[in-house]
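Undergrad: There's a structure below that I have some questions on.
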């Protein structure tokens, strides 16, 4: 009984023992996580919008070329977003090695992060584009707008709240994915929690890594929500 | 100005062929307000979109001034659209843009430089009576205000033609009148040709010079609004005109029966007159000269683009000879006389 309560106390103390934490390593790991998350979010943002536009534009087209393109893109999108991320990283190791030159470090995490999130985000963008009022598109056509002008001046601004809300959700899952990528050597807070926290049985490190990841997620959610509220004039 | 020759528009789908527009030949003159009226599915919407090339005819030609639309390539058609404004039933404004930015949209498309864009848009916002709302977003405006923005936007590139697709159908009667007045003002002051489609005969009556009535893709009747209103020939037109006069047949029948019961010797007559034409107190004159009593059942006045038009349903009471004399006398005035019912 007594031993038990001492042990329980020890567990709490283990979690809360912040003094023995190497804060400089925590800081390095945080920066790596932020690096992976921000680069992949930016890349996914642009790739996803391109994919979304491609999916949207080819979806209802009657030309045989567009139909094939749509089928191919839709198939790839479905495949990539269905593969569990941890498997996708392993699957992509040869590919990563070829383009990054290494399979460890934060940059090596990027290809898998981008490839898994871009199709997902592309789908969200496509859904957003489909919600744009067809009447507004017709009005723009009646004014003599080109396809590109309609994309730039109507589709994107009119679906911006969906685009922003979508990238917020995607960014949050990307932060989660960076942790998974960290486990197999990409660095960052996931890596720290796994190597320091799990393998050396230091729950205090795991706790700190968790809290920082939560903070990052909350900040992303806050920025995303504020941004959507600000731009949505409907 | 706009000449449609032998227009056919057929849609092919898995469900089969659908002929939206059949054998339409029509000329719309410069500076006039031309109305297409018809029930939904009559093909008027398609016809309107043939004029600015949003739809291309399956057969026939669309000519705008000296240009044949069918001979232009896509780029030239887009160029041509800069001089054709269009307004819509649901306004179709961009919610993401302010009033000013919405009006500037077509100017951006036409590559007008920024300072000029702002100046032009501000002038137009003033013209449509929305000064002070430049920085409001569409969501903050009422339906009537949104349509005013739509009109300002359609006028941005100084169009020769303004196409109106059921522009007042989503508005209440009061706002409809305001928007129609604005369209009339634009037609008068800027000399813009207006082509509108509607299912409300009231709209045609109020602002159009000429009208074409459409049914199942065919123009069944066409002519000056006043003529069509006074002598509707086709059953579809007659229905539209009757609806607009609001003499509900059923109600009139009930009223007729009731009056015929009360005054069995009566003649019930509908009088249709044009506002300025009758300068004499004809009812008093007829009553005095022939000795009939005139009982007014219903009266209404309707404004048209040119002159107001009045409808009066009266009952003539007297002997058969007196009534006959009254009818003969009535026919000498510049009014249309129609005997709706008589007891004899």
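Each reported figure results from applying straightforward, stated rules to the coordinates on display, with no laboratory input. Not measured: the values here are computed from a predicted model. Using ideal geometry, Cβ is built from the backbone for each residue, glycine included, and neighbour counts are taken over all protein chains shown.
Undergrad: What is the distance, in nm, between label points placed 7 Å from the Cα along the Cα-to-Cβ direction at residue B:320 and at residue A:173?
TA: The two pseudo-label positions are separated by 9.1 nm.
Undergrad: Under the rule a/c < 1.5 gives rounded, and otherwise a/b versus b/c splits prolate from oblate, where does the protein assembly as shown land using the Cα gyration tensor? It would help to have the intermediate numbers written out before the result.
TA: Values: a/c = 3.34, a/b = 2.62, b/c = 1.28.
Prolate shape, in that a/c is at least 1.5 and a/b is the bigger ratio.
Undergrad: So, one more: Against the 2.2 N^0.38 Å scaling, with N counting residues, where does chain B land? I'd like the Cα-based Rg ratio to two decimal places. Don't jump to the answer; show the numbers that get you there.
TA: Values: Rg = 24.1 Å, N = 344, 2.2 N^0.38 = 20.2 Å.
Scaled against compact globular proteins, the figure is 1.19.
Undergrad: Related question: Fewest Cβ neighbours within 10 Å first, please rank B:311, B:168 accordingly. Walk me through the numbers on the way to the answer.
TA: Numbers: B:311 17, B:168 27.
Fewest-to-most ranking of B:311, B:168: B:311, B:168.
Undergrad: Evaluate the distance, in nm, between pseudo-label points positioned 7 Å from the Cα of residue B:181 and of residue A:76 along their respective Cα→Cβ axes.
TA: 6.0 nm
Undergrad: What nm value, rounded to one decimal, do you get for the distance between residue B:30 and residue B:123 when each label is placed 7 Å out toward the C-beta?
TA: According to this spin-label approximation, the distance is 2.1 nm.
Undergrad: To test your reading of the geometry: what angle, between 0 and 90 degrees and rounded to tens, separates the Cα axis of helix B:114-127 from the longest principal axis of chain B?
TA: 10 degrees
Undergrad: Where does the protein assembly as shown land at 222 nm, in deg cm²/dmol rounded to the nearest 500, when only DSSP H runs of n ≥ 4 count, each adding -39500 (n - 2.57), divided by all residues?
TA: Working: 22 runs with 314 residues, N = 578.
Taking each H run of at least 4 residues, the total per residue is -17500 deg cm²/dmol.
Undergrad: Calculated FRET efficiency, residue B:227 and residue B:169, Cβ-Cβ r, R0 22 Å, to nearest 0.05? It would help to have the intermediate numbers written out before the result.
TA: Values: r = 25 Å, r/R0 = 1.14.
The computed FRET efficiency comes out at 0.30.
Undergrad: What ranking do A:230, B:44 get, fewest neighbouring Cβ atoms within 10 angstrom at the top? Intermediate values should be presented prior to the final figure.
TA: Numbers: A:230 10, B:44 28.
The order, fewest Cβ neighbours first, is A:230, B:44.
Undergrad: Pairing the Cα long axis of helix A:64-82 with the longest principal axis of chain A, what angle in degrees results, from 0 to 90 and rounded to the nearest 10?
TA: Roughly 10 degrees between the two axes.
Undergrad: Out of B:89, B:174, B:270, any idea which swings most in a Gaussian network model of chain B, alpha carbons joined below 10 Å?
TA: Judging by the Gaussian network model, the answer is B:174.
Undergrad: In what sequence do B:269, A:183, A:79, B:99 fall when counting other Cβ within 10 Å, fewest first? Can you show the working numbers first?
TA: Details: B:269 22, A:183 16, A:79 10, B:99 27.
Fewest to most other Cβ atoms nearby, the residues stand as A:79, A:183, B:269, B:99.
Undergrad: Still on this model: Can you compute the label reach from residue B:83? Point 7 Å from Cα along the Cβ direction, backbone N cut-off under 15 Å, restricted to the stretch B:19-60.
TA: Taking a point 7 Å out along Cα→Cβ of residue B:83, the residues of the stretch B:19-60 whose backbone N falls under 15 Å are B:30-31, B:52-53.
Undergrad: Report, to the nearest 10°, how far helix B:143-155 tilts away from the longest principal axis of the Cα atoms in chain B, using its own Cα long axis and a range of 0 to 90°.
TA: Once rounded, the angle reads 60 degrees.
Undergrad: Between A:192, A:92, A:53, find the one with the highest GNM mean-square fluctuation for chain A; connect C-alpha pairs within less than 10 Å.
TA: Result for chain A, Cα springs under 10 Å: A:92 fluctuates most.
Undergrad: Moving on to the next point. Subtract the Cα-Cα distance of residue B:288 and residue B:10 from 0.36 nm times their separation in residues, and report this length gain in nm to one decimal. Let's see the in-between values first.
TA: Values: separation 278, 0.36 × 278 = 100.08 nm, distance 6.14 nm.
Gain in length upon complete extension: 93.9 nm.
Undergrad: Separate question: Given an 8 Å cut-off on Cα distances and at least 6 residues of separation, report the relative contact order of the stretch B:249-342 as a percent. List each step's numbers first, then the result.
TA: Details: 152 pairs, mean separation 38.2, N = 94.
Over the stretch B:249-342, the number comes to 41 percent.
Undergrad: Also, I was wondering about something else. Can you check what the Kirkwood hydrodynamic radius comes to for the stretch B:141-272, Cα pairs only, in Å to one decimal? Walk me through the numbers on the way to the answer.
TA: Working: mean 1/r = 0.0585 Å⁻¹.
For the stretch B:141-272, inverting the mean 1/r across all distinct Cα pairs yields 17.1 Å.
Undergrad: Return the tail of the calculated pair distribution for the stretch A:23-231, meaning the percent of Cα-Cα pairs more than 27 Å apart.
TA: 40 percent
Undergrad: Given a Förster distance of 45 Å, report the FRET efficiency between residue A:233 and residue A:99 from their Cβ-Cβ distance, rounded to the nearest 0.05. Before the final figure, lay out each step's value.
TA: On the way: r = 42 Å, r/R0 = 0.93.
Calculated value: 0.60.
Undergrad: Where both residues lie in the protein assembly as shown, what percent of DSSP beta bridges are antiparallel, nearest 5?
TA: Working: 46 of 65 bridges.
The antiparallel proportion sits near 70 percent.
Undergrad: Mind giving me the FRET efficiency for residue B:331 and residue B:257? R0 is 35 Å, r the Cβ-Cβ distance, nearest 0.05 is fine. Intermediate values should be presented prior to the final figure.
TA: Numbers: r = 26 Å, r/R0 = 0.75.
So, using R0 = 35 Å, E works out to roughly 0.85.
Undergrad: May I pose another question? Quick one: among B:261, B:239, B:323, which has the greatest mean-square fluctuation in a GNM of chain B with alpha-carbon springs under 10 angstrom?
TA: B:261
Undergrad: Then there's this: Taking a ≥ b ≥ c as the square roots of the eigenvalues of the Cα gyration tensor of the stretch B:20-61, is the shape rounded (a/c under 1.5), prolate (a/b larger than b/c) or oblate? If you can, show how the numbers build up before the last one.
TA: Working: a/c = 1.64, a/b = 1.16, b/c = 1.42.
Note, shape of the stretch B:20-61 comes out oblate.
Undergrad: If you find the alpha carbon centre of the stretch B:150-200 and of the stretch B:209-247, how far apart are they in angstrom?
TA: One Cα centre to the other: 21 Å.
Undergrad: Still on this structure, please answer the following. Per residue of B:94-100, how many C-beta atoms from partner chains lie within 10 Å of its own C-beta, taken as a mean?
TA: Neighbouring Cβ atoms belonging to other protein chains average 5 per residue here.
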